[in-house]
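The values are calculated or read from the model by the stated rules, or taken from the named source; none is laboratory data. These numbers come from a predicted model, not from an experiment. Don't worry about glycine lacking a Cβ; one is built from the backbone with ideal geometry, like all the others, and counts go over all protein chains shown. These area figures cover heavy atoms from the full protein model, side chains too; ligands, DNA and RNA do not enter into them. Shrake-Rupley method; radii C 1.70, N 1.55, O 1.52, S 1.80 Å.
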Amino acid sequence: MYLLACEKTHEAIAIDPLDHALCLQAAKDKGWTIKTVANTHHHHDHIGGNGPVISATNAKLVAHVEAMDAIPNVDRGLNAGDELTCGELTLKIMDTPGHTMSHICLYYEGSDTEMPALFCGDTLFNAGVGRCDFGGEPSILHKTFEEQIFLLSDSVRIYPGHDYIENNLEFTLDREPDNQSAKKLRDKFKSGLDAESFISDIGLEREINVFFRLDEHQVRVGIADSLKIDVNSLDRQKTFICLRGLRDNW
Ligand SMILES: [Zn+2]
């Protein structure tokens with residue numbers, strides 16, 4: 001969960017504030033007023049804190065327009081390209097199905113002093129992607145990545161809905177043992193780098209996230225080997241889907 005505020009007006013957006021007590025306390029400590037609660041998708045571990053945050057702050061609830069049946073009391077349904085504003089802070093809505101069929105990411109384009117950022121829920125994780133077996137579909141998730149996520153600039157920082165980076169790096173290395181960037185980062189965590197405060201960006205993901213590395217020879221040969229299929233049958237989509245399936249059972 002994340003709390004974002006406009007520096008001028010001190011108005012804030014709470015994204016998936018599951019731990020409502022912590023979220024409300026953080027806003028209080030900072031002197032911020034929560035005006036909006038935004039849900040990336042309808043899973044309970046993302047919407048479960050909505051009620052207490054809204055009753056304490058009177059914030060408006062926003063979510064994907066097609067998630068309005070699954071999430072109680074949404075005030076505004078969001079579509080691709082919509083803008084969510086909070087004081088002088090603007091987030092652009094991306095429609096990113098795959099983990100669930102209605103899922104949004106919230107994109108901040110950056111400023112003179114701040115790099116862009118993506119609040120990506122369970123679509124993209126550090127060194128991984130969301131699973132698709134709770135109402136999603138891997139081929140749709142692949143399409144979301146090809147058409148949107150892979151096109152983001154290297155400088156976009158990512159803020160996912162969960163932190164699985166250490167385990168995900170192990171999966172990348174299981175699939176691509178020669179990946180030096182993944183190895184280096186895994187070793188940093190092993191020698192004490194704090195995973196929770198680590199912030200990845202798209203440039204780093206292109207190196208360490210095996211789901212970004214669909215054309216890599218070692219990745220494809222490994223899949224063919226594990227699944228006893230012809231390596232030549234693997235295109236980018238099939239590679240992505242096979243990786244998702246292997247990760248599910250890893
Ligand atoms: Zn989820």
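Quick look at the numbers
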| item | result |
| --- | --- |
| Complete set of residues in segment 130-157 that are touching a residue at least 60 places away in the same chain (Cβ under 8 Å), part of a helix (DSSP H, G or I) and of a type in the set (A, V, I, L, M, F, W, C) | L141, F145, F150 |
| Given (1) crowded, with 19+ Cβ neighbours inside 10 Å; (2) more than 21 Å from Y107 (Cα to Cα), number of the condition K30 does not satisfy | (1) |
| Selection from segment 155-167 of residues that are crowded, with 18+ Cβ neighbours inside 10 Å and either within 19 Å of H103 (Cβ to Cβ) or touching a Cys at 6+ places or on another chain (Cβ under 7 Å) (or both) | V156, I158, Y159, P160, G161 |
| Counted residues, segment 231-250 - those being assigned to a helix (DSSP H, G or I) and either surrounded by 14 or more Cβ atoms within 10 Å (Cβ to Cβ) or in contact with a strand residue (DSSP E or B) (Cβ under 6 Å, 6 or more places away or on another chain) (or both) | 12 |
| Complete set of residues in segment 137-154 that are within 15 Å of the ligand (Cβ to nearest atom) and open to solvent by less than 20 Å² (accessible area, probe 1.4 Å) | L141, T144 |
| Residue in segment 90-101 that is without any contact (Cβ under 8 Å) to a residue 24 or more places away in the chain, open to solvent by 40 Å² or more (accessible area, probe 1.4 Å), within 23 Å of D122 (Cβ to Cβ) and within 16 Å of the ligand (Cβ to nearest atom) present | no |
| Some residue of segment 223-230 being aliphatic (A, V, I, L, M) and open to solvent by 60 Å² or more (accessible area, probe 1.4 Å) | yes |
